[in-house]
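No value in this document is a laboratory result; all are computed from the given coordinates. Computed from a predicted structure; not experimentally measured. Counting neighbours? That spans all protein chains shown, and the Cβs are built from the backbone with ideal geometry, glycine included.
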């Protein structure tokens with residue numbers, strides 16, 4: 001378990017501030033959700049898929065897509081052999097669909113560099129397309145039982161309140177947060193991995209952003225934020241607007257493409273979003289992001305799902321044509 005006086009390079013954490021790992025681990029044992037990527041039979045690939053899908057996406061929305069994804073692509077090789085556009089189609093309405101393209105690229109890299117297996121090394125994981133420090137640490141911890149600080153939004157909020165005495169963490173993780181999270185990890189790697197997911201679950205179920213349930217918290221007595229009287233960090237954080245944005249427009253256009261088995265004429269996209277300039281801008285962005293293939297005849301398709309006339313389609317490779325005519329652009 002953790003030492004009696006966990007410390008960061010900036011100095012020791014006071015006894016009254018250091019959380020009791022046993023209390024949080026016991027709480028987790030009693031209250032953890034039964035999620036498929038946490039079950040004993042979950043493969044490293046399943047854990048990796050879950051971590052990508054769960055980025056900025058609620059668990060309830062992820063569950064059905066995750067199940068269908070792994071039923072279709074139970075290993076990296078099966079996804080790598082499919083067109084990238086099929087990954088975008090299967091992503092459905094999870095949002096931030098570039099994650100589907102990156103996950104497809106990751107599957108290809110796993111086949112090319114690692115024999116179709118997910119590597120255990122955090123450094124090797126970070127070298128994969130679209131895999132950052134958080135995802136690498138999470139997969140190394142949760143799939144392989146290693147000792148890494150896993151700083152997602154929930155963990156950061158718990159530690160900010162418990163140790164820092166503030167309501168919410170800053171928008172981006174700081175070096176000080178990472179040092180603190182590392183200092184609090186129990187020494188045995190397997191226990192550290194379980195501690196990380198336990199703190200994450202505590203933030204998701206009890207120490208929530210809007211309505212924390214302090215009466216249910218196993219470490220409420222040592223929480224600096226609670227002892228200080230729950231001071232607020234200024235006004236409420238502004239939520240991102242969605243209605244009418246380019247992001248909504250992109251989603252509408254992708255929905256049309258996902259729902260069609262073949263290429264889509266520009267008139268179908270025009271019907272999905274009336275504003276010509278915004279539609280063209282959003283479509284430009286989808287093409288630039290590799291989410292849409294413009295074809296020579298003026299139609300559009302998900303990447304790799306429609307062959308260019310006279311050129312065979314290569315599984316998993318976009319078949320984009322140069323200088324297409326976009327709807328609404330003259």
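So how do 86, 270 line up by other beta-carbon neighbours within 10 Å, fewest first? Provide the component values of the computation, followed by the final result.
On the way: 86 20, 270 13.
Ranking 86, 270 by Cβ neighbours within 10 Å, fewest first, gives 270, 86.
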Practice item. Give the shape of segment 45-190 as rounded, prolate or oblate, defined through the alpha-carbon gyration tensor: a ≥ b ≥ c are the square roots of its eigenvalues, a/c under 1.5 means rounded, and otherwise the shape is prolate if a/b is larger than b/c and oblate if not. Key: prolate
Study note, to complete from the structure: Once both label points are put 7 Å beyond Cα along the C-beta direction, the residue 113-residue 187 separation in nm becomes 3.4
Check your understanding: Given the options 186, 19, 173, which has the most mean-square fluctuation in a GNM of the chain, springs set between C-alpha atoms less than 10 angstrom apart?
Key -> 173
Exercise for review: For every helix of n ≥ 4 consecutive DSSP H residues, a contribution of -39,500 (n - 2.57) applies; sum these over the chain, divide by its total residues, and give [θ] at 222 nm rounded to the nearest 500 deg cm²/dmol.
Suggested key: -13500 deg cm²/dmol
Exercise for review: Measure off 7 Å from each Cα along the Cα-to-Cβ vector at residue 127 and residue 93, then give the distance between these two points in nanometres to one decimal.
Suggested key: 4.1
Review point. Which shape class, rounded, prolate or oblate, goes with segment 126-249 when its Cα gyration tensor gives a ≥ b ≥ c as root eigenvalues, a/c under 1.5 marks rounded, and past that a/b bigger than b/c marks prolate?
Key: oblate
Check your understanding: Which residue, 176, 190, 105, tops the fluctuation ranking in a GNM of the chain built on C-alpha contacts under 10 Å?
Key -> 176
Check your understanding: Looking only at 228, 68, 192, which one moves most when the chain is put into a Gaussian network model with springs between Cα atoms under 10 Å?
Key -> 228
Check your understanding: Which distance in Å, rounded to a whole number, links the C-alpha centroids of segment 206-221 and segment 132-200?
Key -> 18
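Looking at the square roots a ≥ b ≥ c of the eigenvalues of the Cα gyration tensor of segment 183-262, which shape do they give, rounded for a/c under 1.5, prolate if a/b is larger than b/c, or oblate?
It is oblate, given that a/c is not under 1.5 and a/b is not larger than b/c.
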